[in-house]
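Here the structure is laid out as structure tokens; the discussion comes afterwards.
The values are calculated or read from the model by the stated rules, or taken from the named source; none is laboratory data. On a predicted model such as this, the values are computed, not experimentally measured, just so you know. Cβ placement follows ideal geometry from the backbone for every residue including glycine, while neighbour counts extend to all protein chains displayed.
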Amino acid sequence: PGTVEVAQLVAWLETFGRLVHEERDHLTALDAAIGDADHGLNLDRGMRAVVERLHADRPATVDALFKTVGMTLVSTVGGASGPLYGTFFLRFGTAAGPVDELDAAGLATALRAGVGGVVARGKAEPGDKTMVDALEPAVTAYERAVGSGPEHAAAAASEAAEAGRDATIPMVARKGRASYLAERSAGHLDPGATSSALLLRALADALAG
Ligand code: ADP
Ligand code: MG
Ligand code: MG
């Protein structure tokens with residue numbers, strides 16, 4: 001109960017893949033409004049490749065697992081979100097190290113490192129209308145709830161990610177393709193923040209068993 005095993009982390013990735021597949025057309029429609037109408041297609045292609053690869057050969061340690069995930073996303077997803085999600089998972093794995101389980105604090109460290117990687121790579125700040133607006137408050141909520149265990153902390157993170165996603169609606173985009181629209185990007189949900197909320201929903205669901 002207090003620890004998260006590799007099998008649960010694989011369940012997280014499988015659940016994220018399923019949610020992205022279910023929401024593929026919605027994510028793509030969001031991107032049609034303020035981008036180039038490919039976000040759901042990009043991420044669905046990438047997560048399908050990830051899940052296929054994990055079914056063929058599941059790494060035994062957390063760092064190896066997320067190295068596979070990150071490299072697969074970088075190589076299969078075109079566009080901004082592939083390298084950004086890829087970096088999230090690569091940094092997550094490096095921070096976790098060659099272990100076969102994480103405790104609540106270890107998961108906090110890995111999640112924080114993942115978000116740090118997205119920020120380092122994409123240079124977005126909170127308020128720029130990107131996936132950072134869902135990821136950053138989610139990890140902060142996880143850290144605040146870490147003492148209540150990974151399951152509760154992940155549930156808090158998921159709620160914070162969804163609030164962060166919704167807060168992107170009035171924002172004016174300052175990074176990525178949506179920034180080309182300037183003020184006209186306001187009034188729309190950010191597609192990447194929406195998929196990032198699915199990532200935290202998947203974690204909460206996987207840890208809830
Ligand atoms: P592309 O814009 O190249 O077609 P996607 O449509 O797959 O890529 O992803 C778009 C999403 O990527 C945006 O909704 C936004 O959340 C995210 N994004 C774009 N640029 C950045 C950035 N510099 N930092 C963080 N997130 C970004
Ligand atoms: Mg796009
Ligand atoms: Mg594109």
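Remarks
- Options Ala155, Ala173: the member that is in a helix (DSSP H, G or I) and not hydroxyl-bearing (Ser, Thr, Tyr): Ala155
- Contact map, segment 122-144: first residue more than 12 Å from Arg165 (Cβ to Cβ) and in contact (Cβ under 8 Å) with a residue 60 or more places away in the chain, second residue of a type in the set (Ser, Thr, Tyr) and surrounded by fewer than 24 Cβ atoms within 10 Å (Cβ to Cβ), Cβ cut-off under 9 Å, separation 6 or more or different chains; the map is empty.
- Selection from segment 21-58 of residues that are in a loop (DSSP other than H, G, I, E, B) and either in contact with a helix residue (DSSP H, G or I) (Cβ under 7 Å, 6 or more places away or on another chain) or within 14 Å of ligand 3 (Cβ to nearest atom) (or both): Glu23, Gly35, Asp36, Ala37, Asp38, Arg58
- Just one of the listed residues (Gly70, Gly79) is closer than 20 Å to Thr130 by Cα and either touching a residue at least 40 places away in the same chain (Cβ under 8 Å) or within 16 Å of ligand 2 (Cβ to nearest atom) (or both), and it is Gly79.
- Candidate set: segment 24-62, residues that are polar (S, T, N, Q) and within 16 Å of ligand 1 (Cβ to nearest atom); chosen: the one nearest to Glu101 (Cα to Cα): Asn42
- Counting residues in segment 115-127 that are more than 21 Å from Asp190 (Cβ to Cβ), assigned to a helix (DSSP H, G or I), β-branched (Val, Ile, Thr) and modelled with pLDDT of 95 or more gives zero.
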